[in-house]
Structures are given as structure tokens and as C-alpha cells.
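The values are calculated or read from the model by the stated rules, or taken from the named source; none is laboratory data. Here the structure is a predicted model, which means the values were calculated and not measured. Please note: Cβ atoms are built from the backbone with ideal geometry, for glycine as well, and neighbour counts cover all protein chains shown.
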Amino acid sequence: MEHAATAAMPAYTPVDAHDLHAALTQVDQRLAKLYPDRIGSKALLGYSMGAFHALFIAATAATNQEPLVKFDRFVAINTPVRCCMVFPSWMIFTSPHWRGPPQNEPPTLTIRF
């Protein structure tokens with residue numbers, strides 16, 4: 001891991017996901033040389049933070065500048081992204097009717113499904 005990342009500090013998703021994608025490209029090229037005509041469709045499966053990186057790789061696949069491996073499917077298991085928690089909050093704060101919490105009262109947030 002000492003030489004695996006191109007950033008000085010980990011946990012910056014754009015750099016980490018690109019480094020992972022570049023490493024997977026090298027693995028794919030090596031396997032294609034060792035086993036020609038035996039590699040079929042490619043899927044990227046990630047769990048937890050790896051799932052988040054898989055989603056990021058999927059989202060940026062169309063804008064890659066260099067030739068990186070193309071995946072046919074993406075599977076993200078137990079991502080650290082909880083859409084059911086993020087989207088209701090986001091919708092409340094971006095609503096044109098939301099004017100902020102009342103003055104002199106602590107902010108409260110009620111989410112109903």
C-alpha cells in the first residue's frame with residue numbers, strides 16, 4: 001500500500017477511485033495476456049467503501065481520459081450512502097417553501113414516510 005496510491009493521504013474519493021480503476025485495468029490486461037479469449041463480460045463488485053468506489057467508477061466511466069477497463073455491470077453491497085436519509089433532508093432544504101427554523105427555537109426535523 002505504500003506505493004499503491006497517488007495521493008499523499010487516502011480518503012479522497014476521486015483519486016482513490018481512479019487509482020483503483022487503474023489497478024483493475026492492469027489486472028485486466030495481465031489476465032487478458034495470460035488467458036486470451038477466455039475473459040467475457042466484466043463486473044465490478046464492491047462491499048462497503050469498495051461499493052462506494054464501485055459506484056463512483058460507474059458514475060465517471062463515461063468521462064475517463066485514459067483507456068481504463070470497461071465494466072458491463074456494477075454491484076454495490078452495503079454502501080456507506082443512505083439515500084433514504086439523504087434525499088428527504090435534501091428535499092426539505094432545497095424546497096422553495098422552506099424558510100429555515102423559527103427564530104429562538106432549536107431546529108427540528110421530522111421525516112415521514
Could you list, in sequence order, the residues of segment 6-51 that are closer than 21 Å to T63 by Cβ and not in a helix (DSSP H, G or I)?
T6, A7, Y12, K42, A43, L44, G46
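Looking at this structure, is L31 modelled with pLDDT of 95 or more and touching a helix residue (DSSP H, G or I) at 6+ places or on another chain (Cβ under 6 Å)? I'd like the intermediate steps shown before the answer.
Values: modelled with pLDDT of 95 or more: yes; touching a helix residue (DSSP H, G or I) at 6+ places or on another chain (Cβ under 6 Å): no.
Judged against the criteria, L31 is not a match.
Determine whether segment 71-80 contains at least one residue that is at negative phi, polar (S, T, N, Q) and modelled with pLDDT under 90.
Start the filter on segment 71-80 by keeping residues that are at negative phi, which leaves 71-77, 79-80.
With the extra rule that they be polar (S, T, N, Q), the set shrinks to 79.
Imposing the further condition that a residue be modelled with pLDDT under 90 reduces the set to 79.
Scanning segment 71-80 turns up at least one residue that is at negative phi, polar (S, T, N, Q) and modelled with pLDDT under 90.
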Against the conditions (1) at pLDDT 90 or above; (2) more than 18 Å from A5 (Cα to Cα); (3) over 12 Å from the mean Cα position of the chain (by Cα), where does T94 fall short? Just the number, please.
(1)
When both residues are 6+ apart or on different chains and their Cβ atoms are under 7 Å apart, which pairs have a first residue that lies in segment 51-66 and is over 16 Å from Y12 (Cβ atoms), and a second that is hydroxyl-bearing (S, T, Y)?
A51/T79
Considering only residues that are within 19 Å of V81 (Cβ to Cβ) and among the β-branched types (V, I, T), look in segment 1-47 and name the one that is surrounded by the fewest Cβ atoms within 10 Å (Cβ to Cβ).
T13
